[in-house]
Amino acid sequence: MPRGLRAVTFHVKYKGHSLKIQLKDGRLRVFSADGDAAPISLRMEGQAVMLAPGETRSFRMKPGQEARRS
């Protein structure tokens, strides 16, 4: 993140999920609100993890690292 910016949080809708995305303290956190959407796949450094409604996934970020969704 740019110097002086401590955290970024935003909300998105994706494939029926209401997601909260947070970049803070060197971590990327993805929170999915409760609901009945099918699980989605998140991909970080080539590793895929599933995220179901009501779950949270957290990833340690490296400088310059980008997150991808599948």
Query raised in the report: Out of (1) loosely packed, with under 13 Cβ neighbours inside 10 Å; (2) under 12 Å from the mean Cα position of the chain (by Cα); (3) under 18 Å from M61 (Cα atoms), what's the single condition that is false for V30?
Result: (1)
Query - Selected residue (criterion: surrounded by the most Cβ atoms within 10 Å (Cβ to Cβ)) from residues of segment 36-70 that are at pLDDT below 95 and at positive phi - result: E45
**Report entry** Qualifying positions in segment 1-27 - closer than 12 Å to F59 by Cα and at pLDDT 95 or above
**Finding:** I21, Q22
Report summary line: Flagged in segment 2-16 as at positive phi and surrounded by 10 or more Cβ atoms within 10 Å (Cβ to Cβ), in numbering order, are K15, G16
Query - Which numbered condition G54 fails, given (1) touching a Ser or Thr at 6+ places or on another chain (Cβ under 7 Å); (2) in a strand (DSSP E or B) - result: (2)
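The values are calculated or read from the model by the stated rules, or taken from the named source; none is laboratory data. Given the structure is predicted, the values throughout are model-derived calculations rather than measurements. Reconstructed Cβ throughout: ideal geometry from the backbone, glycine too, with neighbour counts over all protein chains shown.
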